[in-house]
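Trainee: My questions all concern the structure below.
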Amino acid sequence: MKAAVRRDAMGRFKHEAAAADPVRRTIYLTEDVTDGCFYRFTPTTWGDLSAGRLEVLKMGSGTSGPVTWATVPDPSGATATRNQVSGAKRFTGGEGCYYANDTCWFTTKGDNRVWQYNAAAQTIELAYDDSLVNGTAPLTGVDNVTGTAAGDLFVSEDGGNMEICVITPDDVVATFLRIEGQSSSEITGPAFSPDGRRLYFSSQRGTSGSSSGGITYEVTGPFRS
């Protein structure tokens, strides 16, 4: 008789995005609820997601400092995974997630923040917070995130004014592009080609505002490398 495969190893919660860390052989996960958490899943066998250990990030009430990880006792979600570990850090609507060079960046839409988790040092800090910007914030409605080899982050907006904004390693935040005439849509899925010369992204509902009206774009570089 063939053994049943667990389908809940990575946790039953409102998954939004995932990013793989091939160095530590773990996967970071965001949770799209107003009091969600940030997780990591370490497969028993790298490349096989059917079994492994699900952990949740713990830290104090601040926005920077050291963190720890605790195992989620019951990934099946019979009790919500975010409520199983005392001291689990809460995030207001987890969205995009991107890993490179020992760092996982993830976004939270409820407070328009981009977070930076240093996996080597096991610390967290803010890479962007629109409430801390003097004047008009260039980036609102934060959503999906990706990056370049030069360390530039590209963050797309769900709402805002339909822009993709760039955050440079020296904390310059600027508009990269804007889509006009599609205010009922959102920008999704930004990703670079393997050679880093082309950026792809989609307008989920396009000009029609309907789920069937999506449009995918290509922007050709060169980008900073």
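Trainee: Would you say Lys14 is of a type in the set (Lys, Arg) and within 19 Å of Tyr117 (Cα to Cα)?
Mentor: Values: of a type in the set (Lys, Arg): yes; within 19 Å of Tyr117 (Cα to Cα): no.
For Lys14, the condition - of a type in the set (Lys, Arg) and within 19 Å of Tyr117 (Cα to Cα) - is not met.
Table: residues versus (1) at pLDDT 95 or above; (2) open to solvent by less than 10 Å² (accessible area, probe 1.4 Å); (3) more than 16 Å from the chain's Cα centre (by Cα); (4) more than 21 Å from Gly52 (Cα to Cα).
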| residue | (1), (2), (3), (4) |
| --- | --- |
| Val85 | yes, no, yes, no |
| Trp105 | yes, no, no, yes |
| Gln116 | yes, no, no, yes |
| Glu125 | yes, no, no, yes |
| Ser131 | no, no, yes, yes |
| Asp143 | yes, yes, no, yes |
| Ala150 | no, no, yes, yes |
| Asn161 | no, no, yes, yes |
| Ile164 | yes, yes, no, yes |
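Trainee: Within the set of pairs 6 or more residues apart or between chains, which connect a residue that is without any contact (Cβ under 8 Å) to a residue 24 or more places away in the chain and in a strand (DSSP E or B) inside region 205-225 to a residue that is open to solvent by 100 Å² or more (accessible area, probe 1.4 Å) and not hydroxyl-bearing (Ser, Thr, Tyr) with Cβ atoms less than 8 Å apart?
Mentor: Pairs found: Thr220/Arg197.
Trainee: Looking for something within 16 Å of Val145 (Cα to Cα) and of a type outside the set (S, T, N, Q) - is there at least one such residue anywhere in region 180-187? Reasoning before the result, please.
Mentor: Of all residues in region 180-187, those within 16 Å of Val145 (Cα to Cα) come to 186-187.
With of a type outside the set (S, T, N, Q) added as a condition, the list becomes 186-187.
Yes, region 180-187 contains at least one residue that is within 16 Å of Val145 (Cα to Cα) and of a type outside the set (S, T, N, Q).
Trainee: In addition: Would you pick out the residues in region 189-204 that are without any contact (Cβ under 8 Å) to a residue 12 or more places away in the chain and either closer than 20 Å to Cys97 by Cα or surrounded by 18 or more Cβ atoms within 10 Å (Cβ to Cβ) (or both)?
Mentor: Passing the criteria: Ser193, Pro194.
Trainee: Which members of region 207-225 meet the condition of being of a type outside the set (S, T, N, Q) and under 26 Å from Thr148 (Cα atoms)? Walk me through how you get there before you give the answer.
Mentor: Here is the first cut: in region 207-225, the residues of a type outside the set (S, T, N, Q) are 209, 213-215, 217-219, 221-224.
If the condition is that a residue be of a type outside the set (S, T, N, Q) and under 26 Å from Thr148 (Cα atoms), then Gly214, Ile215, Tyr217, Glu218, Val219, Gly221, Pro222, Phe223, Arg224 are the ones that fit.
Trainee: Between a residue in region 128-150 that is under 19 Å from Glu186 (Cα atoms) and any residue that is surrounded by fewer than 21 Cβ atoms within 10 Å (Cβ to Cβ) and hydroxyl-bearing (Ser, Thr, Tyr), which pairs come within a Cβ distance under 7 Å, given they are 6 or more apart or on different chains?
Mentor: Asp130/Thr140; Pro138/Thr175; Asn144/Thr188
Yes/no matrix, rows are residues, columns are (1) modelled with pLDDT under 95; (2) β-branched (Val, Ile, Thr); (3) open to solvent by 20 Å² or more (accessible area, probe 1.4 Å):
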position	(1), (2), (3)
Val5	yes, yes, yes
Ala9	yes, no, no
Tyr28	no, no, no
Val33	no, yes, yes
Gly36	no, no, no
Tyr39	no, no, no
Thr44	no, yes, yes
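Trainee: From the set of residues in region 171-188 that are under 22 Å from the mean Cα position of the chain (by Cα) and crowded, with 16+ Cβ neighbours inside 10 Å, which is farthest from Thr216 (Cα to Cα)?
Mentor: Val173
The values are calculated or read from the model by the stated rules, or taken from the named source; none is laboratory data. For clarity, every value in this text was computed on a predicted model and none was experimentally measured. Neighbour counts run over all protein chains shown; Cβ positions are idealised from the backbone, glycine included. Just so you know, the surface numbers come from the protein's heavy atoms only, side chains and all, with ligands and any DNA or RNA stripped out. Shrake-Rupley method; radii C 1.70, N 1.55, O 1.52, S 1.80 Å.
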